[in-house]
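Novice: To start, I am sharing the structure in question, which I have written as structure tokens.
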Protein chains: 2
Amino acid sequence: MFSKTCKYAIRAVIFIAHKSADGSRVGIKEIAKGIDSPEHFIAKILQDLGKRGLVQSLKGPNGGFYLDEVSKKHTLADVVEAIDGDGIFTGCALGLKQCSEIKPCPLHSKFKTIREQLQIMLGSVTVENFNDELNAGISYLRRN
Amino acid sequence: MFSKTCKYAIRAVIFIAHKSADGSRVGIKEIAKGIDSPEHFIAKILQDLGKRGLVQSLKGPNGGFYLDEVSKKHTLADVVEAIDGDGIFTGCALGLKQCSEIKPCPLHSKFKTIREQLQIMLGSVTVENFNDELNAGISYLRRN
DNA sequence: TTAATAAAAGATATTTTTATCTTTTATTTT
DNA sequence: AAAATAAAAGATAAAAATATCTTTTATTAA
């Protein structure tokens, strides 16, 4: 469904939202451990998300990643689109470039519904929406 | 959503169902052209689907691929599962192996609905279900 | 029973994705 | 200012997915 890169990205932004909710920053090592990802790989991903303004960071002691007021309100759809592009929301299920309402692939209409639901779902939750349940230990971002 | 291999596979079986509905066989070259795929690559995929009993084939003159009565009734879910496995139906959206009802990832419950709908949708159409609309030129398997 | 046809099988190549390692730059603290 | 910290950037490597090429086997038709 999502690329591995995208899965790491989603887990990371939710983790950062959670850990930096108190105004502090969270380092790359803690993030990597907290979401079970390769440290250097998630570093690259966050670098990319940083350039796109989806996460913020500061170098040096007490530095790390955090989210400003705008970033906290970004939806998971924003994250997915930043990493994987909008193919999952708009592309043809069978990979046909010219597939559209007028020249639909056999699955077109049936798939449309599902894609839309996915987009609505991902568009309706912000990265900080999970803070409470993570605090309460109701959901998890790693094997734990 | 699906791997490229899986997209080719779905297109191919629908194409074969369509072209062999009259009892004839359809060659690999015609299939490759008919679904816009690399010839040797789709050959490999069909070889695999053949071993799994999802398509039938005959070598030699007048040979080619076709579907027996059982294969015609296979659903697209069967094809997807044969190629990509059941990860898309059962796996965690965030790639967490231990994600489950008792240790859910943040997206678990919201995703469940969508995965189920996808499975129901793909499980409710057989590969031959599209023959009529393909004949009528209402849907397409290549740029055309 | 030979030639032609077409898929199966095996080997290799290319591209993309995922992962790692090293060096540089920015920031803070002493 | 110097030392320590931590991300940014750049380079390289490994693995997986996608694609191509060649040889073999089965089948048919002449």
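None of the figures in this text is laboratory data; all of them are computed from the coordinates on show. The structure displayed is predicted, hence computed values, not measured ones. Cβ atoms come from the backbone with ideal geometry, glycine included; neighbour counts cover every protein chain shown.
Novice: Quick check on B:I88: is it farther than 27 Å from B:S20 by Cβ and touching a residue at least 40 places away in the same chain (Cβ under 8 Å)? I'd like the intermediate steps shown before the answer.
Specialist: Working: farther than 27 Å from B:S20 by Cβ: yes; touching a residue at least 40 places away in the same chain (Cβ under 8 Å): yes.
Taking the combined requirement at face value, the residue satisfies it.
Novice: Suppose the filter is without any contact (Cβ under 8 Å) to a residue 40 or more places away in the chain, away from DNA strand C (no atom under 13 Å from the Cβ) and more than 13 Å from chain A (Cβ to nearest Cβ); does B:E30 pass it? I'd like the intermediate steps shown before the answer.
Specialist: Values: without any contact (Cβ under 8 Å) to a residue 40 or more places away in the chain: yes; away from DNA strand C (no atom under 13 Å from the Cβ): no; more than 13 Å from chain A (Cβ to nearest Cβ): yes.
It is false that B:E30 is without any contact (Cβ under 8 Å) to a residue 40 or more places away in the chain, away from DNA strand C (no atom under 13 Å from the Cβ) and more than 13 Å from chain A (Cβ to nearest Cβ).
Novice: Picking from B:S37, B:S24, which residue would you name as being surrounded by 13 or more Cβ atoms within 10 Å (Cβ to Cβ) and touching a residue at least 24 places away in the same chain (Cβ under 8 Å)? Can you show your working first?
Specialist: On the way: B:S24 fails: surrounded by 13 or more Cβ atoms within 10 Å (Cβ to Cβ).
Matching residue, one of B:S37, B:S24: B:S37.
Novice: For B:Y8, which of the numbered conditions (1) without any contact (Cβ under 8 Å) to a residue 24 or more places away in the chain; (2) over 30 Å from A:V13 (Cβ atoms) fails to hold?
Specialist: Every condition holds for B:Y8 apart from (1).
Novice: Provide a single number: the residues in the range A:1-40 that are near DNA strand D (Cβ under 10 Å from one of its atoms) and acidic (D, E).
Specialist: Number of matching residues: 2.
Novice: Restricting attention to the range B:1-39, which residues are assigned to a loop (DSSP other than H, G, I, E, B), among the hydrophobic types (A, V, I, L, M, F, W, C) and over 17 Å from B:D68 (Cβ atoms)?
Specialist: Selection gives B:M1, B:F2.
Here is a yes/no grid of residues against (1) in contact with a helix residue (DSSP H, G or I) (Cβ under 6 Å, 6 or more places away or on another chain); (2) more than 9 Å from DNA strand D (Cβ to nearest atom):
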{"position": "B:I42", "(1), (2)": "yes, no"}
{"position": "B:L58", "(1), (2)": "no, no"}
{"position": "B:P61", "(1), (2)": "no, no"}
{"position": "B:E69", "(1), (2)": "no, yes"}
{"position": "B:D78", "(1), (2)": "no, yes"}
{"position": "B:E81", "(1), (2)": "no, yes"}
{"position": "B:D84", "(1), (2)": "yes, no"}
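Novice: Please count how many residues of the range B:49-64 are more than 18 Å from A:G95 (Cβ to Cβ) and more than 6 Å from DNA strand C (Cβ to nearest atom). Please lay out each step first, then the result.
Specialist: If we filter the range B:49-64 for residues that are more than 18 Å from A:G95 (Cβ to Cβ), which is where we start, we get B:50-64.
Those left that are additionally more than 6 Å from DNA strand C (Cβ to nearest atom): B:51-56, B:58, B:62.
Adding up the residues that qualify gives 8.
Novice: Here's another thing I want to ask about it. Hand me the list of helices (runs of 4 or more DSSP H) wholly inside the range B:40-133 holding 2 or more residues that are buried (at least 19 other Cβ atoms within 10 Å of the Cβ) and facing chain A (nearest Cβ under 8 Å). Break it down stepwise before answering.
Specialist: Numbers: elements: B:69-72, B:76-84, B:87-90, B:108-123.
Once the helices (runs of 4 or more DSSP H) in the range B:40-133 are filtered for at least 2 residues that are buried (at least 19 other Cβ atoms within 10 Å of the Cβ) and facing chain A (nearest Cβ under 8 Å), what remains is B:108-123.
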